[in-house]
Amino acid sequence: MKTNLAVLLSAPFLLAATGAAQAQDYPTKTIQIVVPYSAGGGGDTVARIVADRLSEELDQTINVVNREGAGGEIGIDEIARSDADGYTLGVFGYPDNFVLEHTRDTNFTFDDLDYLAAFDEMPMGVFASPNSSHSTLEEVVNYGQENPGEMIIGESGALGLLHALAFAERSEMQVTPVRYSGGGELMNALLGDHIDLASTSSMSHDPIVDSDGKPIGFAAEERMDMFPSVPTFKEQGLDLVMGVSRVLVAPAGLPDDIRETIVVALDEISTDEKMIANFKNAAIPYRYLDDSAVDEMLEASNSVLMPVIEKNLDQIKGN
Amino acid sequence: MISNLILGVVTLLSSVFFYRQTTDLPERSALFPQFVLWGLAIVGVLLIFQALLAGRKGVGENEFEAHLEARAKLKETLFFQVIIPGGLLLIAYGLLLTVGFYLASAFLVFTVYSYHTYRIDAGNLNRALWGRAAIFAVVITLFMYLIFTLLLGLPAPSGALF
Amino acid sequence: MDIVSILLNLLTPSVFLVVFAGVLVGIVVGAIPGLNGAIGISLLLPLTFTMEPQIGLLLLGGIYMGGMYGGSITAILINVPGDVVAAPVAMEGYPLTKQGRSKEALYYSIFSSMFGGFIGVLILILFTPPLARFALQFGPAEMFFVSLSGLIIVGALSGSILKAAFAVLLGLFISTVGVDLITGSERFTFDSIGLRAGISVVPVVLGLFCFAEMFLNIGKKPGEQVQYRDQKIARMTVIKDILRQRFLVWKSGLIGTLVGLLPGVGTTLAVFMSYGDAKRVSRRDIPFEQGNPDGIIAAESANNATVGSSMVPLLALGVPGSPTSAIIAGALVIHGIVLGPSLFVNRPDVAFTFLYGMLLTVVAMTIIGAVGIKYFSYILKIKMEYIVPTVLVFALFGAYSLRNSLFDVFIAIVLGIAGAIFKKIQVPLAPIIIGLVLGGLIETNLARAMRIAGARNMPLWEYLLATPLSKGLVALVVIMLLVVIRMRHKEKVAAKEAKNG
């Protein structure tokens, strides 16, 4: 928090000043990063780590503002609706916005946001409960195919359900998804053996395995550096790649020079060792994509997700 | 008790109104609210019954007057202690949306302080009071600005204009 | 690193400083209506990034502990609970203030908080692993019954049973507004983006308890409502009195610890449960809601006990038990500390420093509270016309701060108007909160139970009663129901006797 006497004294004048600040001076006032989740989760952590470093780079205070509600919809909606002046940015886990847009009647669309960078790549995964008799994908699938509908898979968040449904569909079994309101609650249910499987991101790996839960596999292209012993679905013959990527966005329509300033600053901090170490500490697999690379990644990912959403729309909406 | 009767009627009507909203929902989403609304409707009916029963018992002469007095007092409270301050808060909310938190808060402090003093004694309403109210409003607003915005860095609601 | 050297590490000036600072911040944010420990913690979270993990943790733990206590100061003095957990304290403490016994009420509150805090932290130190395993056994069926038992407590509060039923149902109804967690469909949102997020507890509490109270205070002359009196009361008298109430403080602390283990409901439920229980066992001749110190003792020791126990699932399993401990978990993650059973093996320095350091937060809270009470009560010297507008604007800000939502401000105002009317027509307000807190739990856990029972091809009741724990909880629900009916009956008889005699 950068506060000094000058700010304090000039405050009343700043308050009265209109929004006609010159673009080349950007940023002249505090920037807000809206996070559509409550404090403490993965998306929030990424936002705080990035905000910390970005505020040094831009030499301006950055506040991380949590606007949780309706599975991220409230906060994303607010980002999309805010003025495209560079003073409201957002950090959230893609594809939450994409899944919400196509499963609910949201006010925002994919193109209402300008995707400036992506910071991580966190695959989804499936874990089995500590007392479960299945510890490999093969065992899970065999049981699931023989007992349609009996396998109970817990999930949370927009992507959790989609991943669970895609997992079941690709492995040709019927499962019963049970919804939880957050990753913590879901972990509780899994570790207490109230559900058989959990569909959650790789971030939950450590606490689950620490309490004897079993990782069945990750929906990643290849094994993760962090967890080399956990197999991917792909290598076990299941074609399923799905993950979260925390993106930094602005409302579409940023003035070019402001956009340039932010993008350059992001590129600059992307190699900062201290920031990367913070990601590593938080068990978030760091992967930086700049503004053009992120667009490519999102486009590719959207085209993979769309058919999955369409195929399971009834289940998502009505189940 | 007329207030119980009104509460019962309002409860019953609103539960019917909201119940009609649930009919389009998927079964799993509708179940719990419907259950609660049934409960509210029953409580509404019971409140009406209770009020009517108490009314039928009749009231003695003395009690009747006390009754009227209580009712007049309730009406007075409703107007002076609920409608006016509630209205002031709603105006402050409107200001919050347009000119932001700090101006809205100055407005609210100023009006509520003046109104309070006026309620104690209408004769208090003079120039000295306006001055006091204005100073108080500025002091409180500055104090909040210092604590929330400068010291804690909490985001304050900003309006459409500022 | 052995325990002794860890304990020696604790006794450094920097640890003391951090703990005191944390507790002080916690008390202040707790006392401001609408702000609570969770907000205080997210504010100071960035500060901890640069600290040693155990020091940063103690800062946050101190805020948590202080925040739990802070709410009761404004609850007792101006009948505005800073947070839900202080609502029962307001119900007993404010009547005492009206009688000119505010200092006494504040002493009851701080020392009960102290006992509760110690109980919670000691249990955290001694029994974390078994308690964490116990907490895991609460599945959909168990959570459903626990929530039901919470609803029954409403019957134990005084007033018309019909109006209490109305209030609790209203709370349950409010909990259904918004996007349904289970199916994602919108309920009662009327196409408003604000309503989609649902109505959260904090703006409702602010509206019902803070705005409504302030409305009704408008126009009160100085001294009409409360009088400041420099009451001479020795701290030891209060402590002795607390300990003389048989097991009250211990039992309430224990209820707080056990119920506080449960994710989501923990604190609110624990506070109302022990409050209801105190009403049942109190031996004083003072009716509840008219200033019975036993209500303060029970509620305060329970809420500070939950601080320790809501950390149990966090430390032992990495699963946060309350919003506040979720943020603390976030802070730990940034330091690269893996929570779960291996924490005590891999990072005993962090784990044990934090555990024993939490005892220090209780000490700090007690010192600040016991010394500060004299100054807190000066609030009562301030004229009402200054208090009302100040509280209103702070609450306005608080309503916004929870979710940075203007819509929440609007909700608080609307409920303020409704709350003032309810107060005037004797509709009790606390049940609305209880219904709102428990509604979501009852619904989602029942929905999960139905879903799982369906998948396992068994009837719902069979799944609900499958475990010994859930059978026990059903028994608890039935017993509580009987106790409440008996209490009601006794009250009726007593009221009749009072009328005749």
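Some notes on this structure:
- Shape box of region C:418-497 [Cα atoms, principal axes, largest first, Å]: 53, 33, 16
- Lys, Arg +1 and Asp, Glu -1 on Cβ, resulting dipole of region C:302-457 about Cα centre, debye, nearest 20: 280 debye
- When chain A is reduced to its Cα atoms, the Kirkwood hydrodynamic radius in Å: 20.6 Å
- Point-charge dipole on Cβ atoms (K/R +1, D/E -1) for chain C, about Cα centre, debye to 20: 1400 debye
- More than 24 Å apart - percent of Cα-Cα pairs taken over region C:229-345: 40 percent
- Taking the square roots of 5 times each eigenvalue of the Cα gyration tensor of region A:123-242, largest first, gives ellipsoid semi-axes of 17, 17, 14 Å.
- Tail weight of P(r) past 17 Å, computed on alpha-carbon pairs of region B:72-162, percent: 58 percent
- For region C:143-254, taking the reciprocal of the average inverse distance between every pair of different Cα atoms yields a Kirkwood hydrodynamic radius of 18.9 Å.
- The alpha carbons of region C:45-117 stretch over 49, 21, 16 Å along the principal axes, in descending order.
- DSSP-assigned coil residues among trypsin sites (Lys or Arg not before Pro) in region B:1-59, each with at most 16 further Cβ atoms within 10 Å: B:Lys57
- Peptide-level mean, for B:107-117, of C-beta atoms on other protein chains within 10 Å: 5
- With only the Cα atoms considered, region A:190-252 has a convex hull volume of 137 Å³ per residue.
- Where only alpha carbons of region C:1-90 are counted, the Rg and the Dmax (Å): 14.8, 49
- Compared with the alpha-carbon gap, the fully stretched path from C:Gln137 to C:Ile367 is longer by 79.0 nm at 0.36 nm per residue.
- Remark: chain B is approximated by an ellipsoid whose semi-axes, taken from the C-alpha gyration tensor as √(5λ), come to 42, 30, 10 Å, largest first.
- Angstrom value of the Kirkwood radius, inverse mean 1/r, which spans all Cα pairs in region A:173-223: 11.8 Å
- For region C:274-342, the relative contact order is 23 percent, taking Cα pairs closer than 8 Å that sit 6 or more residues apart in sequence and dividing their mean separation by the residue count.
- For region C:3-500, the share of accessible area belonging to carbon and sulfur comes to 68 percent (1.4 Å probe, ligands and nucleic acids excluded).
- The Stokes-Einstein estimate for chain C, based on a Kirkwood radius over Cα pairs and taken at 25 °C with 0.890 mPa s viscosity, is a diffusion coefficient of 106 µm²/s.
- Mean per-residue shielding of peptide A:175-188 is 6, counting Cβ atoms of other chains within 10 Å of each Cβ.
- Peptides C:245-255, C:87-97, A:281-291, ordered by how many other C-beta atoms sit within 10 Å of their residues on average, highest first, read C:87-97, C:245-255, A:281-291.
- Rg to Rh quotient for region C:165-221, alpha carbon positions, Kirkwood Rh: 1.13
- Under a 5 Å amide H cut-off, with hydrogens placed 1.01 Å from N, A:Val244 pairs with A:Met122, A:Met124 among residues at least 5 apart or on other chains.
- Residue-averaged [θ]222 nm for the protein assembly as shown, counting only DSSP H segments that reach four residues, each worth -39500 (n - 2.57): -21000 deg cm²/dmol
- Volume in Å³ per residue [convex hull over Cα atoms, computed for region C:303-419]: 150 Å³
- Ellipsoid semi-axes in whole angstrom, largest first, where each is sqrt(5λ) of the Cα gyration tensor of region A:68-125: 18, 16, 10
- Cα-derived Rg to Rh of the protein assembly as shown, Kirkwood definition: 0.96
- Of the cross-linked pairs C:Lys220/C:Lys381; C:Lys221/C:Lys381; C:Lys163/C:Lys423; C:Lys98/C:Lys496, those separated by over 18 Å at the C-alpha level are C:Lys98/C:Lys496.
- Based on alpha carbons, the Rg and Dmax found for region C:120-181 are 16.8, 44 Å.
- Each label point was placed 7 Å from the Cα along the Cα-to-Cβ direction; for B:Glu27 and A:Glu56 their separation is 5.8 nm.
- Coarse-grained scattering of region B:1-58 at q = 0.19, 0.29 Å⁻¹, given as base-10 log I(q)/I(0) from a Debye sum over alpha-carbon atoms: -0.64, -1.03
- Span from the region C:333-404 Cα centroid across to the region C:431-501 one, whole angstrom: 33 Å
- Peptide B:128-136, shielding by other chains (average Cβ, 10 Å cutoff): 1
The values are calculated or read from the model by the stated rules, or taken from the named source; none is laboratory data. Computed from a predicted structure; not experimentally measured. Using ideal geometry, Cβ is built from the backbone for each residue, glycine included, and neighbour counts are taken over all protein chains shown. To get the accessible areas, we keep the full protein, side chains included, count just its heavy atoms, and leave off ligands, DNA and RNA. Shrake-Rupley method; radii C 1.70, N 1.55, O 1.52, S 1.80 Å.
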